Amino acid sequence: MAIRDIIILPDTQLRLVSKPVEKITSEIRALADDMFETMYDAPGIGLAAIQVAQPLRLITMDLSKKEGEKNPRAFINPEIVSASEELSVYEEGCLSIPEYYEEVERPAKVRVRFMDLDGKIHEEDADGLYATCIQHEIDHLNGVLFVDYLSKLKRDRVMKKFTKAARLAAK
Ligand code: NI
């Protein structure tokens, strides 16, 4: 296992549409292991493969609330099957947009279909933080970021801030 570098806004790879995982190979398992390690190290509760520069439809997540308790979950080729009309607001953040948090409104409940690392298909109803997190991570697979839901003013401001930081870091 290894910690991989997380790509940061305005890296254009974050806008790629990730490709489905065709087969669960040893490379995919190794990638998932590295993603868990990277996510726990960050620390974060969710990570999409594109955030470690791999454009594949693979997500890792751990929403366990208790200190020291782990519930690592991998989602392969996840899809939103249905979404509630009811909306909820959560303050979101993203490991690719460090130290930036804003409220985002999304469907409060979704039904999600995905494959696990053993190739088993699951369909689950998600609400609360799980619903928000899975929608945020699936967005990553489609090149969408949570800042895309903000007003143009806020989005421009955060883009400018991260573009400037990248320019300074490159010097
Ligand atoms: Ni994110």
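Flag set for L14, criterion: within 16 Å of the ligand (Cβ to nearest atom), within 12 Å of the chain's Cα centre (by Cα) and among the hydrophobic types (A, V, I, L, M, F, W, C).
Checking the structure you have, find out if any residue of segment 138-160 is in contact with a strand residue (DSSP E or B) (Cβ under 9 Å, 6 or more places away or on another chain), more than 16 Å from the ligand (Cβ to nearest atom) and part of a loop (DSSP other than H, G, I, E, B). The answer is no, given that none of the residues of segment 138-160 is in contact with a strand residue (DSSP E or B) (Cβ under 9 Å, 6 or more places away or on another chain), more than 16 Å from the ligand (Cβ to nearest atom) and part of a loop (DSSP other than H, G, I, E, B).
Count of segment 1-33 residues, restricted to those that are open to solvent by 20 Å² or more (accessible area, probe 1.4 Å) and farther than 13 Å from L95 by Cβ, is 19.
Considering segment 34-71, and only residues there that are in a loop (DSSP other than H, G, I, E, B) and charged (D, E, K, R), the residue that is surrounded by the fewest Cβ atoms within 10 Å (Cβ to Cβ) turns out to be E67. The set of residues from segment 103-116 being within 16 Å of the ligand (Cβ to nearest atom) and buried (at least 18 other Cβ atoms within 10 Å of the Cβ) comprises V104, R106. Within segment 130-148, residues that are touching a residue at least 24 places away in the same chain (Cβ under 8 Å) and on the phi > 0 side of the Ramachandran plot reach partners that are part of a loop (DSSP other than H, G, I, E, B) and surrounded by fewer than 19 Cβ atoms within 10 Å (Cβ to Cβ) with beta carbons closer than 9 Å, at six or more positions or on different chains, in the pairs G143/L16; G143/V17. Please verify whether segment 120-136 includes one or more residues that are more than 16 Å from the ligand (Cβ to nearest atom), assigned to a strand (DSSP E or B), of a type in the set (D, E, K, R) and open to solvent by less than 50 Å² (accessible area, probe 1.4 Å). Yes, segment 120-136 contains at least one residue that is more than 16 Å from the ligand (Cβ to nearest atom), assigned to a strand (DSSP E or B), of a type in the set (D, E, K, R) and open to solvent by less than 50 Å² (accessible area, probe 1.4 Å).
Of all residues in segment 131-162, those satisfying the criterion of being farther than 13 Å from E79 by Cα and of a type in the set (D, E) are D148, D156. Number of residues in segment 77-102 that are away from the ligand (no atom under 13 Å from the Cβ) and within 26 Å of S26 (Cα to Cα): the value is 3.
The values are calculated or read from the model by the stated rules, or taken from the named source; none is laboratory data. From a predicted model like this one, the values you see are computed outputs, not experimental measurements. Don't worry about glycine lacking a Cβ; one is built from the backbone with ideal geometry, like all the others, and counts go over all protein chains shown. Protein only, heavy atoms only, side chains kept; ligands, DNA and RNA dropped before computing areas. Shrake-Rupley method; radii C 1.70, N 1.55, O 1.52, S 1.80 Å.
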